[in-house]
Amino acid sequence: MEHKAEIISVGTELLLGNIVNTDAADVAAVLSELGINTYYHTVVGDNPERLQAAVDIAKSRADIIITTGGLGPTCDDLTKQTLAAAFGKELVFHPEEEEKIRAYFDKIGRGMTDNNLRQAELPEGCTILENTCGTAPGCAFEADGCHVVMLPGPPRELRAMLRGAAMPYLRKLSGAQLYSKNIMIFGMGESAVEDKLRELMNSLENPTLAPYAKTGEVRLRVTAKAQSEAEAEAMMSPVIEKVYEAVGEYIYGINVPSLEAAVFALLKERGLTFSCAESCTGGLIAKRMTDVPGASAVFRGGVVSYASEVKADVLGVPAEMLAEHGAVSEPVARAMAEGARRLMKADIAVSTTGVAGPDRDERGNEVGTVYVALAAEGVTICKKLSCGNDRDRVRTVAAHNAFDMVRRHLR
């Protein structure tokens, strides 16, 4: 049976923008893993009438309703009462839950107020979902042809209960699961990728293929609904092969978290070291590389040579070159990469120099103009970029290109 789920997030603070609704994203991710379709997310304030109306709508279009929030001890925590009434169920006091609540307060060394005992009241006949991180138990029940799952609002509590208790309950409802692989692409825009693969995307039903864009990159997600991981793998492999045939040059990995992680793996595999000299990226390349666990095995270090004097005195860029061509130029980018490689005794070095904004430089280079260079044994190459006029985007895209140059060189 194909189930349809709706997530109802309860909390006035969500409507006011005081907090970000991470709960809905966490629940949706689990439902996706389980192969349960989620068609609607609803957010409603701490108001029983409006929550009742939201539940009535959800009942008309979903057979799984999952609520987050409103299970606490205060007067505005009304989710259980409202949902129980909506499905004609009485709230029943559970002494064993009272004991757990009292034990929790004893453990943290705080006195318990009587209103906390409201959390031990749960809909009759429900499955209790244990809260291992707080006092409010969750619950699940079936009524009126609908499965209802109530989860707490605090993200730490929700995540623990979702994975530990709700997921096993929901898994029983799912005849198959969703399995996905992410094909990571750099160097082609989303529209260009879609143009290359449109016919393939439109022809697929299971598995599916869909693009997702992020700054400077594209992720293609292949998703199969299957009874087992092995079955899903067999379904996805032919699709992945076709994607490689179409855009293989631009793929830097499958289920790889980032370009820098892909570069780290290639460097480590070949026993090579890496360094960088950065101007407009201001240390972003070094930061991203050192974010990768184990980076010390390949990364020698970096120089943030923002001033021309640092380019000359530390990296050895000739002063006459800086005077003739300016800091934002191909000759200087090449000299920076060669200097970084020499200074830090690395096998490969990259450099960035450009105009991140907000204004063009003294030589008239437009905002977004960036030169990225790579130096290795016997070779130095340089690439000129136009990265737009947003400062953060300029830096991010420049760093992406630096890592991609290393990837391509090693490939």
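The values are calculated or read from the model by the stated rules, or taken from the named source; none is laboratory data. All of these numbers come straight from a predicted model, not from anything done at the bench. Cβ atoms come from the backbone with ideal geometry, glycine included; neighbour counts cover every protein chain shown. These accessible areas exclude ligands, DNA and RNA; they are computed on the full protein's heavy atoms, side chains included. Shrake-Rupley method; radii C 1.70, N 1.55, O 1.52, S 1.80 Å.
Comparing L220, L83, L178 in a Gaussian network model of the chain where C-alpha atoms under 10 Å apart are linked, the largest mean-square fluctuation is found at L83.
Surface composition of the chain: carbon and sulfur atoms hold 49% of the protein heavy-atom accessible area at a 1.4 Å probe. Assuming 0.36 nm per residue, please report the length gained on full extension of the stretch Y212 to K384 beyond their Cα-Cα distance. Between Y212 and K384, full extension yields an extra 59.3 nm.
Taking 0.36 nm per residue of separation and subtracting the Cα-Cα distance, what length does fully extending D114 through E194 add?
22.9 nm
Can you tell me what share of the DSSP beta bridges in the chain is antiparallel? A percent to the nearest 5 is fine. Antiparallel bridges make up about 60 percent of those DSSP assigns within the chain. Within the straight-line cut-off of under 17 Å between alpha carbons, none of the lysines are reachable from K287, sequence neighbours fewer than 8 places apart in one chain being disregarded. Taking amide H positions as modeled 1.01 Å from N, with prolines and chain starts lacking one, the residues under 5 Å from G253 and 5 or more places away or on another chain are M184. Close amide H partners of G45, meaning residues 5 or more places away or on another chain with modelled amide H under 5 Å apart, are G11. When both segment 365-411 and segment 103-139 are represented by their alpha-carbon centers, they are found 55 Å apart. Note on segment 48-109: lysine pairs with Cα distance below 21 Å, sequence gap of 8 or more or different chains, count 4. Separation of segment 292-311 and segment 1-61, taken as the distance between their Cα centroids, equals 46 angstrom.
Helix 391-410 and the longest principal axis of the C-alpha atoms of the chain enclose an angle of approximately 70°.
The distance between label points at V256 and A230 comes to 2.9 nm (points 7 Å beyond Cα on the Cα→Cβ vector). Per residue, the accessible area of segment 217-314 comes to 45 Å², computed with a 1.4 Å probe over protein heavy atoms only.
In the set (1) 22, 41, 31, 5, 0; (2) 23, 38, 31, 9, 0; (3) 27, 50, 22, 1, which value of P(r) over Cα pairs in 20 Å bins from 0, in percent was calculated from the structure you see? Comparing each candidate, only (2) matches the computed number. For segment 23-85, the solvent-accessible area with a 1.4 angstrom probe is 38 square angstrom per residue.
Of the whole protein surface, H409 contributes about 80 Å² of accessible area at a 1.4 Å probe radius.
Placing pseudo-labels 7 Å out from each Cα toward the beta carbon at R342 and T74 gives an inter-label distance of 6.5 nm. For the chain, can you list the cysteines whose C-beta has no other cysteine C-beta under 4.7 Å from it? Singleton cysteines: C75, C133, C146, C276, C280, C382, C387. Ranking of E260, E90, E13 by solvent-accessible surface, largest first: E90, E13, E260 (1.4 Å probe, protein heavy atoms only, all chains present). Per-residue 3J(HN,Hα) values for segment 30-35, derived from phi via the Karplus relation 6.51 cos²θ - 1.76 cosθ + 1.60 with θ = phi - 60°, read 5, 4, 4, 4, 7, x Hz in sequence order (x marks Gly and Pro). The phi torsions of segment 365-378, fed into the Karplus equation with coefficients 6.51, -1.76 and 1.60 and a -60° offset, translate into couplings of 5, 5, 4, x, 6, 9, 10, 10, 10, 10, 10, 9, 4, x Hz, rounded to whole numbers, with Gly and Pro shown as x. Count Lys and Arg as plus one, Asp and Glu as minus one, and take only other residues whose Cβ is under 13 Å from that of E245; the net charge is then -1.
Summing charges over neighbours of R300, with a neighbour being any other residue whose Cβ is under 13 Å away from its Cβ, gives +2 when K and R count +1 and D and E count -1. Once the Cα-Cα distance is subtracted from the 0.36 nm per residue extended length, the E249 to L15 segment shows a gain of 79.8 nm.
Calculated mean residue ellipticity, 222 nm, the chain: -12000 deg cm²/dmol, from DSSP H runs (n ≥ 4) at -39500 (n - 2.57) each, averaged per residue and rounded to 500. Each Cα pair under 8 Å and six or more residues apart adds its sequence gap; the mean of these over the residue count of the chain is a relative contact order of 10 percent.
Using alpha-carbon pairs under 8 Å, 6+ residues apart, how would you state the relative contact order of segment 5-74 in percent?
It comes to 51 percent, rounded to a whole number.
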